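The values are calculated or read from the model by the stated rules, or taken from the named source; none is laboratory data. Please read these numbers as outputs of a predicted model, since none were measured by experiment. A quick note on method: Cβ atoms are made from the backbone with ideal geometry, for glycine too, and the neighbour counts reach across all protein chains shown. Heavy atoms of the whole protein, side chains included, go into the accessibility calculation; ligands, DNA and RNA do not. Shrake-Rupley method; radii C 1.70, N 1.55, O 1.52, S 1.80 Å.
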Amino acid sequence: MDCLFCTIVAGEIPAEEIYRDADAIAIVDVNPQAPKHLLVLPRKHYATVTEIVDGGDEALLGHIVAVATKLARDVGSRGFRLVVNTGTDGGQTVDHVHVHVLAGRRMTWPPG
Ligand code: 5GP
Ligand code: ZN
């Protein structure tokens, strides 16, 4: 298995896991960019959201966004940001889909 997040989903390397259901898990980002920084990832491996859509699994895409929203609501009462970096230009560094949940500070726009 050569996917970092698949390894985390399998419990083979440690992560601070804060949520798990049949289809997704949420972990604390190891390099937080906000006071609260979580990652929501599907348990099934897809490299990108494009792959999920091409695979016809829009329910899974909706699920991970819904989980991210519920967790964000819990940690970001004054608002939050959900981010899905995709591909090289999108700044994606781990090729297993994940939704960033950022909260706990005022975000700026535009992003870098
Ligand atoms: P991307 O750049 O692909 O949008 O986001 C990857 C995220 O994964 C980064 O925010 C990075 O800090 C996080 N990350 C990378 N390796 C690990 C790890 O081993 N454990 C955890 N919890 N987060 C990681
Ligand atoms: Zn994976």
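Between the Cα long axis of helix 58-75 and the first principal axis of the chain there is an angle of about 30°, rounded to the nearest 10.
What net charge do the residues around Ala34 carry, taking every other residue with its C-beta under 13 Å from that of Ala34, with Lys and Arg at +1 and Asp and Glu at -1? List each step's numbers first, then the result.
On the way: positive: Lys36, Arg78, Arg81, Arg105, Arg106; negative: Asp29.
Local net charge: +4.
Report, please, the projected area of the range 4-103 averaged over directions, based on the convex hull of its C-alpha atoms, in nm². In nm², the orientation-averaged hull projection of the range 4-103 is 6.1. Rolling a 1.4 Å probe across the protein heavy atoms gives the chain an accessible surface of 60 Å² per residue.
Using only side-chain charges placed at the Cβ, +1 for Lys and Arg and -1 for Asp and Glu, the dipole size of the range 4-103 relative to its Cα centre rounds to 480 debye.
First select every other residue whose beta carbon is under 11 angstrom from the beta carbon of Gly87; then total the charges, Lys and Arg +1, Asp and Glu -1. Working shown, then result.
Working: positive: none; negative: Glu51, Asp89, Asp95.
Residues close to Gly87 contribute a combined charge of -3.
In whole percent, how big is the carbon plus sulfur part of the accessible area of the chain, probe 1.4 Å, protein atoms only? Result for the chain: 52 percent of the exposed heavy-atom area is carbon or sulfur.
Counting Lys and Arg as +1 and Asp and Glu as -1, what is the net charge of the other residues whose Cβ lies under 14 Å from the Cβ of Asp2? If you can, show how the numbers build up before the last one.
Values: positive: none; negative: Glu12, Asp95.
Summing Lys and Arg as +1 and Asp and Glu as -1 gives -2.
Taking all protein chains together and a 1.4 Å probe, the residues Thr7, Thr93 rank Thr93, Thr7 from largest to smallest accessible area.
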